[in-house]
Amino acid sequence: MKRQAWMAWDLLEALFCRASYAAAYSAVLVFLSMLAMACTKSDVEVKETFVVPQVDNQLLIHGEVCTEEQDNVAFPVKIMFIVDSSGSMQQTDEGDNRVEAVRQVVRSYANQPNVFFSIIKYNGRISDLTGGFTDQLTGNEPEVFGTEGLLEADSMTDYQGALAKAYQLLLDDMQDTIYFGGGLAQLARTKYVVIFFSDGTPDPVCYGCVTEPPNHPRYLPECPRSHDAYGPPCCNEDLHVVCTLMDELVLDMTAATDDLFTALEGGTDYNHNYQIFQLVDELMELKDAFHVGDLRLHTAFLYCRDQFGNPTSALCAAAEEAYNLDPDRGRALLREMASRGNGTFRDFTSGQAINFLNFDYTSIQASYTAKNLMVTNMNALPGSLAFLPDSDADGIDDDAELRNGTEPQLADTDGDGYGDFVEEMFRKAGFDPVDGSKPGFGCEAGTDLSDDADGDGLNYCEELLFGTSDDMVDTDADGFPDIYEIRFGTDPLRDDTTEDLDSDGRRNSDELLFHSHPARSDPDLFADHRYWYEMRPIEGTEGRNCYEFDIRYVSLITTMDRDGPGSRGFNDIMIWFNQASADNPLDAGLWQVACVQAQYIAPDYKIPFEGEISLTMDDFHSPMDVGPRFENLECVTASE
């Protein structure tokens, strides 16, 4: 056997040295044949082996991104004055200093476009003198500063009605900002300053009557259906029969007109301290409910005696007696209101000028920092063990679309403006992804309903279904775009990032970041295929914060040729960067988005072959510029 092998080797060597390439190739075949014959008797088998080159399906995304420059534009400041215009003010504030103090603030800030004013006067009636917040005041408006405005006087001091009106105006303004004025992102940079001013205590104070037990101090028999208002007193659920006005008992409130005590509810207390404090607390709760940048309630008290306790004028003593003023009770009440409102309390006497300029009206200045960086392959949906192809990036994997009868290469099979995922989700509500006549109210292209103003990938008509904001990428300001929360089952309307929806031991936020499914337990996918993030600050960038990042192990998948020949295997990977105010974790912030496109056809085709794509700062864009379904967002490819 050895001799035969050596003879074959000599022949091969000779041919390679002396013959052509073709002859050499023939010699190789002869050599292999002789070697095979030589080895048959020793039970050694020679097989031909063809090695197929394989590539992995991993992508590394490297890039740099920066926050916006520190904003030199002042953010909105909204100042609300709630001014006592009761009858006692004619004596305790003889020079109408309160009116001049409000006018002074208005004139000081009137030329600043970011400052808005709301002025409420209160006595027995509550008047919104400015119609909500306005930036058009100059300080010269007679309907605000004249006898029909702050100079008007009445006998009563309706604290509860004034605070109820303030609450409603603040609520309306915050809701208007969300829907028409920049959304939660704008509210996060808005400062509300509320100043409540009075010279007395709430008046009238009412007590709800009771019909049981008969020995109760406020007992009155229940009124018959045909009760005569001028008959004996009785307990009517729509009538307060026990009220005090200037601490004098008043039994008949039926004479009150509809514009008096508008916050009064039948059968309940009114203008008690506990109700005042409850209203202040509710007003302050608006700050967290709407993610407002700052909201403070300041209070100021006017007393018509000097620091030595002497009346500042003859009218002072008369006012105290006529209106039963109690400065100790007034101060204590207003101090507690300011404490609950995170504000300050000021105490003025009639002998000194009233000055509201000392309150803090400075606007919030934003210094942005990174809040979140999120990457997702729009064409690879997390399954239980591996990623599933979603060729049209509509949120439904290709196999499921074939089972459902929808087109896996069209995100909106029936072309009615609602994506297939949305219509499948609302199928029981009358939607049908393959029938353009359902649900019957359209979302057709070219209409306002088909717009995507915030660039989050959801049309306006779809945002209406989910209750999300059409001008915010991230309605609940938790750092994750609405479209991914909807597709992966988390709540886009509240921050549930620290919860564990599928009870698999991993927070919702981690699963969204690492591209596993927060609503479905997928431990193998999370362990073997999760993304990895590295983010490092870049030194020496003035005026803004810049970062260098690497996202590793982004899995690619083989997709259908959605865009015609040559598009098989396309993967669109979105990179979302969220920046927010450094000192406000509730700030919804600003978003930037970039896209990279890779191509993978298993098992041996990948572009880029080396598996890396780099992004620059210029590749990131405002989502508001990318159009519906990200149609105007150009993806960076390997050739770039």
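The values are calculated or read from the model by the stated rules, or taken from the named source; none is laboratory data. Since this is a predicted model, take the numbers as computed values, not measurements. Note that we place each Cβ from the backbone using ideal geometry, even for glycine, and neighbour counts take in every protein chain shown. With ligands, DNA and RNA removed, areas are computed over all heavy atoms of the protein, side chains included. Shrake-Rupley method; radii C 1.70, N 1.55, O 1.52, S 1.80 Å.
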The stretch 438-467: number of residues that are farther than 22 Å from Pro408 by Cβ, open to solvent by 60 Å² or more (accessible area, probe 1.4 Å) and of a type outside the set (Asp, Glu): 6
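Of these, Arg494, Arg506, Arg544, which one is charged (D, E, K, R) and under 28 Å from Gln58 (Cα atoms)?
Values: Arg494 fails: under 28 Å from Gln58 (Cα atoms); Arg544 fails: under 28 Å from Gln58 (Cα atoms).
Selected residue: Arg506, the only one of Arg494, Arg506, Arg544 that is charged (D, E, K, R) and under 28 Å from Gln58 (Cα atoms).
Report yes if Met574 is modelled with pLDDT of 95 or more, under 29 Å from Phe526 (Cβ atoms), aliphatic (A, V, I, L, M) and open to solvent by 20 Å² or more (accessible area, probe 1.4 Å), otherwise no. Explain how you work it out, then say what you get.
On the way: modelled with pLDDT of 95 or more: yes; under 29 Å from Phe526 (Cβ atoms): yes; aliphatic (A, V, I, L, M): yes; open to solvent by 20 Å² or more (accessible area, probe 1.4 Å): no.
Here the answer is no, as Met574 does not meet what is asked.
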Considering residues of the stretch 317-344 that are out of contact with any Phe, Trp or Tyr (no Cβ under 9 Å at 6 or more places or on another chain) and more than 17 Å from Asn271 (Cβ to Cβ) only, the residue modelled with the highest pLDDT: Asn342
Within the stretch 542-556, restricting attention to residues that are closer than 30 Å to Ala477 by Cβ and assigned to a loop (DSSP other than H, G, I, E, B), which residue is modelled with the highest pLDDT? Asn545
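Considering Pro492, Pro518, which residue is in a loop (DSSP other than H, G, I, E, B), open to solvent by less than 50 Å² (accessible area, probe 1.4 Å) and within 17 Å of Lys371 (Cβ to Cβ)? Give the derivation first.
Working: Pro518 fails: within 17 Å of Lys371 (Cβ to Cβ).
Checking each option against the conditions leaves just Pro492.
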Determine, yes or no, whether Asn372 is of a type outside the set (A, V, I, L, M) and in a strand (DSSP E or B). yes
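Being under 36 Å from the mean Cα position of the chain (by Cα) and either under 30 Å from Val636 (Cβ atoms) or modelled with pLDDT under 90 (or both) is true for just one of Asp347, Asp412. Which residue is that? Please lay out each step first, then the result.
On the way: Asp347 fails: under 36 Å from the mean Cα position of the chain (by Cα).
Of Asp347, Asp412, the one residue that is under 36 Å from the mean Cα position of the chain (by Cα) and either under 30 Å from Val636 (Cβ atoms) or modelled with pLDDT under 90 (or both) is Asp412.
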Starting from the stretch 165-183, keep only residues that are within 14 Å of Asp470 (Cα to Cα), then list their pairs with residues that are in a helix (DSSP H, G or I) whose Cβ atoms are within a distance under 6 Å, requiring at least 6 positions of separation or different chains. Thr177/Gln186; Thr177/Leu187
